[in-house]
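The values are calculated or read from the model by the stated rules, or taken from the named source; none is laboratory data. Since we're looking at a predicted model, the values are computed, not measured. Backbone-built Cβ (ideal geometry, glycine too); neighbour counts: all protein chains shown. Surface areas here come from the heavy atoms of the whole protein model, side chains and all, with no ligands, DNA or RNA. Shrake-Rupley method; radii C 1.70, N 1.55, O 1.52, S 1.80 Å.
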Amino acid sequence: IPFVETLNVRIMSQDTIKITVYEKAIAGFVEQMGRYIYFDKDGTVIESSDIKTAGIPQIIGMKFEYFVLNEKLPVEDEKIFKRILETSQLLAKYEIKVDKIYFDEDYNLTLYFNEAKVKLGSFDSIDEKIIRLKKILPDIENEKGILRLENYTEGTKITTFEKED
């Protein structure tokens, strides 16, 4: 069953059974051939739909030529799924909702919020970058431009926002 992680069945008494269903968490989706391909934290395709589900980030930068329902996406380097999971967990921890998550070929990270882009760069000091983003986001989320956090560390604290017209 695509959306079910595990089932737990317990017999409580002769006439009572307790069934607990643990649903798979959707890590993100990719858009391919006019369809939305939803996958879990391991990269397993859970659903292919023509309906875009709100609240689930689009992942950009993953390259694959085909997909099979209930199987892992055939990407060149499965390290990307670990990065997606780490990113999603951090964003959830700090209650940050993103529209898109982009990974370039070196796994540098860019987040998209409405018209604003946030370039986080490598995963070095990613925790500190996300904490800083949480503080800055209310000021830029309705702006058009690029917030640069690639070189941000707890020691340097360098951030710039380049407004676009």
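Points to keep in mind about this one:
- Close amide H pairs (under 5 Å, H built 1.01 Å from N) link GLY121 with LEU109, residues at least 5 positions away or on another chain.
- 3J(HN,Hα) along the range 133-147: 4, 4, 6, 8, 3, x, 7, 10, 5, 9, 9, 10, x, 10, 8 Hz, from the Karplus curve 6.51 cos²θ - 1.76 cosθ + 1.60 with θ = phi - 60°, whole Hz, x for Gly and Pro.
- Hits among lysines - C-alpha to C-alpha of LYS135 under 17 Å, sequence gap 8 or more where chains match: LYS93, LYS97, LYS117, LYS119, LYS157
- Percent accessible area from carbon and sulfur atoms, the range 1-136, protein chains only, probe 1.4 Å: 48 percent
- Near-label residues of the range 42-60 by backbone N, under 17 Å of a point 7 Å along Cα→Cβ of LYS100: 52-60
- From phi via Karplus (6.51, -1.76, 1.60), per-residue ³J(HN,Hα) for the range 18-30 in Hz, x at Gly/Pro: 10, 10, 10, 10, 9, 7, 5, 8, 7, 7, x, 9, 10
- For the range 50-95: rounded, prolate or oblate by the Cα gyration tensor [a/c cutoff 1.5]: oblate
- Relative contact order %, the range 39-165, counting alpha carbon pairs below 8 Å whose residues are six or more apart: 18 percent
- Qualifying lysines (Cα of each under 16 Å from Cα of LYS79; at least 8 residues distant if same chain): LYS41, LYS63
- Rounded to the nearest 0.05, the FRET efficiency derived from the C-beta distance between LYS144 and LYS52 at R0 = 22 Å is 0.50.
- Cα centre as origin, Lys/Arg/Asp/Glu Cβ charges: the chain dipole, Debye: 440 debye
- Where only DSSP H runs of four or more residues are counted, the chain gives -6000 deg cm²/dmol as its mean residue ellipticity at 222 nm, each run worth -39500 (n - 2.57).
- Tilt relative to the chain, helix 79-93 - C-alpha long axis, 0 to 90 degrees, to 10: 80 degrees
- Solvent accessible area, Å² - MET33, 1.4 Å probe, full protein context: 150 Å²
- Projecting the Cα atoms of ILE130, ILE19, GLY34 onto the charge dipole of the chain (Cβ charges, centred on the Cα centre) puts ILE19 farthest toward the positive pole.
- Beta bridges per DSSP, both residues in the chain: antiparallel share near 80 percent.
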